[in-house]
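To start, the structure under review is shown below, and the notes come after it.
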There are 2 protein chains.
Amino acid sequence: MATTEAVLNSIDANRDAAVGRLFDLLRIKSVSTDPAFAAECRRAADWLAGELRGLGFAAEVRTTPGHPIVVGHAKAKRKDAPHVLFYGHYDVQPPDPLELWTSEPFAPRLAEGEQGKEIVARGASDDKGQLMTFLEACRAFKENGGLPCNITFLFEGEEETGSPSLPEFLAANKDELAADLALVCDTGMWNAATPAITVMLRGLVLEEAIVHGPSRDLHSGLFGGPVVNPIHVLAKIIADLHDADGRIAIPGFYDGVAELPEDVADQWRALDFDEAAFLAAVGLTEATGEAGRSVMEKVWSRPSCDVNGVVGGYTGTGSKTVLPAKAGAKFSFRLVGKQDPEAIVEAFRAFVRERLPRDVTVEFISHGASGAMQLPFGSEPLNRARRALHAEWDKEAALIGCGGSIPIVGAFKRDLGMDALMVGFALADDCIHSPNEKYALTSFHKGARSWARILAALAG
Amino acid sequence: MATTEAVLNSIDANRDAAVGRLFDLLRIKSVSTDPAFAAECRRAADWLAGELRGLGFAAEVRTTPGHPIVVGHAKAKRKDAPHVLFYGHYDVQPPDPLELWTSEPFAPRLAEGEQGKEIVARGASDDKGQLMTFLEACRAFKENGGLPCNITFLFEGEEETGSPSLPEFLAANKDELAADLALVCDTGMWNAATPAITVMLRGLVLEEAIVHGPSRDLHSGLFGGPVVNPIHVLAKIIADLHDADGRIAIPGFYDGVAELPEDVADQWRALDFDEAAFLAAVGLTEATGEAGRSVMEKVWSRPSCDVNGVVGGYTGTGSKTVLPAKAGAKFSFRLVGKQDPEAIVEAFRAFVRERLPRDVTVEFISHGASGAMQLPFGSEPLNRARRALHAEWDKEAALIGCGGSIPIVGAFKRDLGMDALMVGFALADDCIHSPNEKYALTSFHKGARSWARILAALAG
């Protein structure tokens, strides 16, 4: 561990210079959603490629139909070292509304905040600051004899717009991007004192169903009673989706859903999640959903089903006595464990078809289907990362879930066959996507130290 | 009956002149929906008032916030004669799409059609032709010794826009408009050989319910599972509205709903309504709704409930993983018999409230509530009208219902305490509201004769 100590000392010694480098990146207005900033996105990509080359790594800016992708490669000092792929994104959300910022969003500064010094700028936390924690760890290794792992770098510029160019890029560069494990730094800590590893992301099936009844919109006075109303049919389908215990009633839906290991369940209970505060923040006092499950379980480790939209008939002001020809709804299913997205699609569609009265037809539109990500509990990379984080933070890392999906992680699994280790140092109050985004200097500095420890641990 | 014979002969003798008078009215472009035609509406009102005065009746064109209303008064020759109020409307639908007309919509002409000669023009059937059947009957009485009834005439010019000025006008002129019975000529025959009296119109309750859950739209990945989804709550409410037998499940909903008298039920069965054709015309093969009821019953004499519109969450193209803060639906209830609209509103709202989980609230918006119209079976005016129509058409009049509402009829009952006798001579293929609107010359001529017989019969 002598080398790791030297690396950590190097990170400590270069702390101010590291902040300076991050500031340089933060000054680039790489807003991906607005075409007016395309040149700035390109500048950010060039800057990152330059940083990698400055460390002696191979690096290229690759064009895509959208913003460019940076790919870099660095060799470990040992031949038999493991190979990781590090992912981050250089694009940021638009800074609007500008008037709510206390300083210029692209003029980074240090400010005094609740957790001490904070870096304030658009992208400070999401994801430029996080991305740079890893680069600073790599720099410290280079200055102390070399990297412990072979590393492929992958920085995209379209994360904030849904990564439209990435899937094709991964497919086209499968061999070049192949690695043993993906490292992703775009998530958060449990709290300012407790590091976290996101070990589960829910999968997502998106299905739209449009129910067709009579051949045209009808007058509900002249036809109401004997004529089937597609809104009623659709409502019954939606109502049937959950049983009285809040479970999803589609046959076979829970196939592949496992219970948490006892130690993880214990850890989650120990995290003392404030359910009342979670609900109060959105105006509620009582959780719904599966009976006998905690809110944390429901969001992280249990599947769910929500109708995201419904429309049929007349939706303007006032009334219109129409019996509509059709009604539609958009359904989303969040998947966990080994639930099979394709099987869920089929089971859902069968469930809908079984509920159609005679003369009623349904049209389905798929908007995507991807499985859950689950880093196997007890796997070796996970154990090593846990020990590394424990050593840095003097506290056991929380193994947390995320109710949402991070599509890139699904793509790594699907297209490159890699699990992803998601470690990040963002805090809940970082105001990502909001005015006055910040990143605690502690997150930045101890984040770099954490990656140094993790890289060393992964190399064994 | 010597007098009535003379009156009928007079109608026969003046047939061509009557058509000429109707043509004069049809040439006036009294389109009420388009402000560009306001002067034409005024012209139609003036023309009608002139006709009434030409018959020696008192008549005035009264201004309203919208198009004017014509009010006329005529005395019977006998002091103890009954007093009826005749209602019609001089406004017409816009003639668009013009390119589908085979002749100018406001240049009336006689054409040869399936039932012989037909008057082709916008408004020929709805409602200028129908209205003039009554005026021609009155003219014939005037030419043969006087009217058998006291008559108040009420012609409005906003029927095609929902009669916005009429309720206030009725309320403000209650005493002047009071009569024993309203006569309305804006409905149809059963078929070209069978006259009809519309004895029941369904009432209408229009309620909008907006269900509120979380305080703002949420990410369905980060909140889906423990957080209540207003679309699901609303869907359950809609699904619960009907039971497995197609009956409406709101407690007390059927209070005031009576079975048809046996003779009316027999008559309806004898009408040989073609259910398959009714359904096929709207792309269906099977009727839904209350088990064990005919389509005719379901539309005419049974209450119904339809959701006319529903909206919540994301309704654009593609998907959005939103768990919405609210969802809303527009409900309509068609009422029959003595169902109390206010009681239905209360029962519906209670039904909804009972189905709200904790934290979920509902906002109701009323868009109107009016009861059904039911001319009492076996009442004296109805019996007399039946005999009069039988004499003219040599066929028993069908006592039919109408699934829709005619708001003016509800207003007569509510504001003036009058039942309405609805007799009209329109045919199903008259193309009202469509290009090439027509009115059979037989409808026009025998319609006038029918009113002559009805007026004579009502006077006893």
Given +1 on the Cβ of Lys and Arg, -1 on the Cβ of Asp and Glu, and no further charges, what dipole in debye does the protein assembly as shown carry about its Cα centre, rounded to the nearest 20? 480
Once the label point is placed 7 Å from Cα along Cβ, list for A:P35 the distances to the corresponding points in the other copies, in nm, shortest first. 4.0
How much of the pair distance distribution for the stretch B:33-146 lies past 20 Å, counting alpha-carbon pairs only, in percent? 51
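Within 10 Å of each residue's Cβ, count the other Cβ atoms and sort A:W47, B:W300 from fewest upward. Walk me through the numbers on the way to the answer.
Details: A:W47 18, B:W300 23.
Going from sparsest to densest Cβ surroundings: A:W47, B:W300.
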How far is B:R269 from itself in the other copies, in nm, if each label sits 7 Å out from Cα along the Cα-Cβ line, shortest first? 7.0
Starting from a label point 7 Å past Cα on the Cβ side, list the distances from B:P97 to the same position in the other copies, nm, shortest first. 4.6
Given Cβ point charges of +1 (Lys, Arg) and -1 (Asp, Glu) and nothing else, what value in debye, to the nearest 20, does the dipole of the stretch A:230-299 about its Cα centre take? 420
Taking alpha-carbon centroids only, the stretch A:350-411 lies from the stretch B:362-413 a number of Å equal to 61
Which residue, chosen from A:M422, A:V336, A:S319, occupies the Cα position most advanced towards the positive end of the dipole of the stretch A:315-460, where the dipole is computed from +1 (Lys, Arg) and -1 (Asp, Glu) charges on Cβ about the Cα centre? A:S319
Given axes a ≥ b ≥ c from the Cα gyration tensor, I'd like to know whether the stretch A:266-360 is rounded (a/c under 1.5), prolate (a/b larger than b/c) or oblate. oblate
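Might you report the magnitude of the Cβ-based charge dipole of chain A about its Cα centre, with Lys and Arg at +1 and Asp and Glu at -1, to the nearest 20 debye? Walk me through the numbers on the way to the answer.
Values: 46 positive and 63 negative charges, 136 e Å.
Using only the charged Cβ atoms, the result is roughly 660 debye.
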So for the protein assembly as shown, using the alpha carbon gyration tensor with a ≥ b ≥ c as root eigenvalues (a/c under 1.5 gives rounded; past that, a/b versus b/c decides prolate or oblate), I'd call it prolate
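Which value at 222 nm does chain A reach when only helices count, each DSSP H run of 4 or more adding -39,500 (n - 2.57), with the total divided by all residues and rounded to the nearest 500 deg cm²/dmol? Each step should come with its number before you reach the end.
On the way: 15 runs with 160 residues, N = 460.
Estimated from H runs of four or more residues: -10500 deg cm²/dmol.
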For the stretch B:228-318, place one equal point scatterer on every Cα, skip the solvent, and apply the Debye formula. What is log10 of I(q)/I(0) at q = 0.13, 0.17, 0.24, 0.26 Å⁻¹? -0.63, -0.92, -1.30, -1.37
Lys/Arg +1, Asp/Glu -1 at C-beta; the protein assembly as shown dipole; positive extreme among A:Y254, B:C402, A:V120: A:V120
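Could you give the length gained by full extension between A:A6 and A:K79, i.e. 0.36 nm per residue of separation minus their alpha carbon distance, to one decimal place?
Details: separation 73, 0.36 × 73 = 26.28 nm, distance 2.14 nm.
Extra length from A:A6 to A:K79 when fully extended: 24.1 nm.
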Taking K and R as +1 and D and E as -1, what net charge do the other residues with C-beta under 11 Å from the C-beta of A:E118 add up to? -2
Can you tally the net charge around A:V322? Count Lys and Arg as +1, Asp and Glu as -1, for every other residue whose Cβ sits under 12 Å from the Cβ of A:V322. +2
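Using only the Cα atoms of the stretch A:360-456, build the gyration tensor, take square roots of its eigenvalues as a ≥ b ≥ c, and label the shape rounded, prolate or oblate: rounded if a/c is under 1.5, else prolate if a/b is larger than b/c, else oblate. Don't jump to the answer; show the numbers that get you there.
Working: a/c = 2.83, a/b = 1.54, b/c = 1.84.
Oblate, because a/c is 1.5 or more while a/b does not exceed b/c.
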Work through the residues other than A:N191 whose Cβ is under 12 Å from its Cβ and net out their charges, Lys, Arg +1 and Asp, Glu -1. -3
What is the ratio of the Cα radius of gyration of chain A to 2.2 N^0.38 Å, with N the residue count, to two decimals? 1.09
Peptide-level mean, for B:285-294, of C-beta atoms on other protein chains within 10 Å: 4
Positive-end extreme of charge dipole, chain B - chosen from B:W101, B:A239, B:F153 (charges on Cβ): B:F153
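Laboratory data are not the source of any read-out in this text; all were calculated from the coordinates shown. All values reported here derive from a predicted model rather than from experimental measurement. Cβ coordinates were reconstructed from backbone atoms using ideal geometry, including for glycine residues, and neighbour counts include every protein chain displayed.
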